[in-house]
Amino acid sequence: AFIVGKSDVWDGLIGDEPFGDPLWDSAFDLDLVEKNSRRLRELLSKIAPAVVANAEAISSNVHYFPVSAFGCSPEQTGIDPQSKRPIFSPDPTKISPRLVEIPAIWLLSHIKPQLITTRRGA
């Protein structure tokens, strides 16, 4: 599982179609995991081909996962009185994590498939 964080900042680079959420209808959609992974791999191949090559040299089963822990960028909330540098923090009213659980569920679907209800058909 190759996880690329801060997708709320860079996901516009993949086009107008957002990454899909593979968790729906009480099942884990493996086809949608594959689709998201292919799209992210294509982007990474363009901007960081060595990263893709190194990941795929380690394993023949690499999947790429876009995640965003906050779902939004931190905002400036003040200035540090000593360093005079800006202080950034997330606005709690805007926090909306995106796809952060998907890599762990995908791993579980391989390690203990009986724990995860999967489906095909994105």
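The values are calculated or read from the model by the stated rules, or taken from the named source; none is laboratory data. Bear in mind the structure is a predicted one, so any value in this text is a computation, not a measurement. Note: ideal-geometry Cβ built from the backbone for every residue, glycine included; neighbour counts use all protein chains shown. The area values use the complete protein model at the heavy-atom level, side chains included, leaving out ligands, DNA and RNA. Shrake-Rupley method; radii C 1.70, N 1.55, O 1.52, S 1.80 Å.
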Which residue fluctuates most in the GNM of the chain (Cα springs below 10 Å): 41, 98, 85? 85
Can you tell me how the stretch 18-87 classifies by the Cα gyration tensor, rounded, prolate or oblate, using a/c under 1.5 as the rounded cut? oblate
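Hey, can you find the accessible area per residue of the chain for me, probe 1.4 Å, expressed in square angstrom?
Values: 7740 Å² over 122 residues.
That works out to 63 Å² per residue.
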Nearby aspartates and glutamates by direct alpha-carbon distance to residue 84 (threshold 19 angstrom, same-chain neighbours under 8 apart not counted): 75
For residue 54 paired with residue 120, estimate the spin-label separation in nm (one decimal), with each label point 7 Å from Cα along the Cα-to-Cβ line. 3.4
In degrees from 0 to 90, rounded to the nearest 10, what is the angle of the helix 49-58 Cα long axis to the longest principal axis of the chain? 50
Tell me the relative contact order for the chain as a rounded percent, counting alpha carbon contacts under 8 Å between residues six or more apart. 34
Quick numbers on the chain, Rg and Dmax over C-alpha atoms in Å, give 17.1, 55
With labels modelled as points extended 7 Å from the Cα through the Cβ direction, what inter-label distance (nm, one decimal) is found for residue 112 paired with residue 77? 3.6
